Amino acid sequence: MSEVYFVRHGQASFGSKNYDQLSDLGHLQSQLLGEHFATQGLTFDRVIVGGMKRHLQTLDNIELGLITKDAHPLPKAQIYSKWNEFDFKQLVYAFLQKFPEQRLNEKAKLAEYFGLLKLSLDSWATGELTEDVPELWSDFEQRITDMLNEIKNVNSKKRVLVVSSGGSIAMALRLILQAPAKTMVNLNLQTRNTALSHCYFNASDFQLSQFNSLPHLDSVERQKHITYA
């Protein structure tokens with residue numbers, strides 16, 4: 001069977017005007033992942049990346065890590081916007097338009113924001129939230145389904161690397177597991193920056209073998225580099 005490694009982007013710029021760019025730590029996380037691939041002798045036959053800046057920067061830094069270790073370079077990446085993240089800011093805005101009593105104050109902690117995001121995602125996933133959303137849940141589900149089918153249809157490629165976002169990867173894994181919609185929400189909120197999820201696949205099926213792994217940060221010295229946003 002062939003393999004696919006899903007990689008969530010490095011830490012982005014949460015709290016800034018432009019979330020869609022890596023922080024300094026996000027650049028480092030991604031480079032360390034590339035160095036890990038090199039030391040493990042992992043090579044890829046195909047590379048797929050979303051079209052967002054944080055996706056492309058993550059891939060660039062993975063390649064930098066490979067170069068640092070004189071490893072085999074990655075093949076030219078294929079950019080698919082269908083692997084882009086859903087617009088979580090607009091989604092939360094739409095949720096608050098419908099449920100203004102859930103609005104947070106300016107001094108809210110990060111955990112409170114994640115709680116609000118979970119409420120918004122749950123409402124979106126159940127079909128309760130459909131007005132003013134950037135896309136319907138069913139449309140998000142369909143575009144990730146399309147991308148999984150695209151990978152299966154090019155199954156002559158033995159090892160595939162996909163660099164995307166937590167929500168898109170969580171949806172892909174939820175579809176692979178044939179799990180309820182709420183599973184995507186739970187997986188999404190667990191997924192760490194530059195975490196690996198690994199599947200085997202053939203032309204008809206995917207099998208999940210690993211979720212949310214951080215082998216490149218698995219040491220006492222590097223635990224401080226583990227982030228969720």
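The values are calculated or read from the model by the stated rules, or taken from the named source; none is laboratory data. Here the structure is a predicted model, which is why all the values come from computation and not from measurement. Neighbour counts run over all protein chains shown; Cβ positions are idealised from the backbone, glycine included. Calculation scope for accessible area: heavy atoms of the full protein, side chains included, ligands and nucleic acids excluded. Shrake-Rupley method; radii C 1.70, N 1.55, O 1.52, S 1.80 Å.
For segment 46-89, which residues satisfy the criterion of being charged (D, E, K, R) and more than 14 Å from Phe6 (Cα to Cα)? Full working, then the answer.
Taking segment 46-89 as the starting set, the residues that turn out to be charged (D, E, K, R) are 46, 53-54, 60, 63, 69-70, 76, 82, 85, 87, 89.
Result: Lys53, Arg54, Asp60, Glu63, Lys69, Asp70, Lys76, Lys82, Asp87, Lys89.
Suppose we keep only residues that are touching a residue at least 40 places away in the same chain (Cβ under 8 Å) and within 18 Å of Glu135 (Cα to Cα) within segment 165-183. Which one would you say is most open to solvent (accessible area, probe 1.4 Å)?
Filtering segment 165-183 for residues touching a residue at least 40 places away in the same chain (Cβ under 8 Å) gives 165-169, 172-173, 181-182.
Of the ones still in play, those that are also within 18 Å of Glu135 (Cα to Cα) are 165-169, 172, 181-182.
Values: Ser165: 0, Gly166: 2, Gly167: 0, Ser168: 0, Ile169: 5, Ala172: 0, Ala181: 26, Lys182: 133 Å².
Ranking the qualifying residues of segment 165-183, first place goes to Lys182.
List the pairs whose first member sits in segment 97-112 and is in contact (Cβ under 8 Å) with a residue 40 or more places away in the chain, whose second member is surrounded by fewer than 11 Cβ atoms within 10 Å (Cβ to Cβ), and whose Cβ atoms are under 9 Å apart, counting only residues at least 6 apart or on separate chains?
Leu110/Gly15
Got at least one residue in segment 145-155 being assigned to a loop (DSSP other than H, G, I, E, B), at pLDDT below 95 and surrounded by 14 or more Cβ atoms within 10 Å (Cβ to Cβ)?
Kept after step one, since they are assigned to a loop (DSSP other than H, G, I, E, B), are these residues of segment 145-155: 154-155.
Of the ones still in play, those that are also at pLDDT below 95 are 154-155.
Going one step further and asking which of them are surrounded by 14 or more Cβ atoms within 10 Å (Cβ to Cβ), we end up with 154-155.
Yes.
Could you tell me whether segment 66-77 includes any residue that is of a type in the set (S, T, N, Q) and open to solvent by 50 Å² or more (accessible area, probe 1.4 Å)?
Quick first cut of segment 66-77, residues of a type in the set (S, T, N, Q) only: 68.
If we keep only those that are open to solvent by 50 Å² or more (accessible area, probe 1.4 Å) too, we end up with 68.
So far as segment 66-77 goes, yes, one or more of its residues are of a type in the set (S, T, N, Q) and open to solvent by 50 Å² or more (accessible area, probe 1.4 Å).
Suppose we keep only residues that are touching a strand residue (DSSP E or B) at 6+ places or on another chain (Cβ under 6 Å) and assigned to a helix (DSSP H, G or I) within segment 27-55. Which one would you say is surrounded by the most Cβ atoms within 10 Å (Cβ to Cβ)? So that I can check it myself, show each step before the final result.
Quick first cut of segment 27-55, residues touching a strand residue (DSSP E or B) at 6+ places or on another chain (Cβ under 6 Å) only: 44-51, 54-55.
Subsequent filtering for residues that are assigned to a helix (DSSP H, G or I) retains 54-55.
Working: Arg54: 27, His55: 29.
Looking at residues that are touching a strand residue (DSSP E or B) at 6+ places or on another chain (Cβ under 6 Å) and assigned to a helix (DSSP H, G or I), I get His55.
Name the residues in segment 4-24 that are modelled with pLDDT of 95 or more and either among the polar types (S, T, N, Q) or over 16 Å from Glu63 (Cα atoms) (or both), would you? Please lay out each step first, then the result.
At the first step, the residues of segment 4-24 found to be modelled with pLDDT of 95 or more are 4-12, 21-24.
Answer for segment 4-24, where residues must be modelled with pLDDT of 95 or more and either among the polar types (S, T, N, Q) or over 16 Å from Glu63 (Cα atoms) (or both): Val4, Gln11, Ala12, Gln21, Ser23, Asp24.
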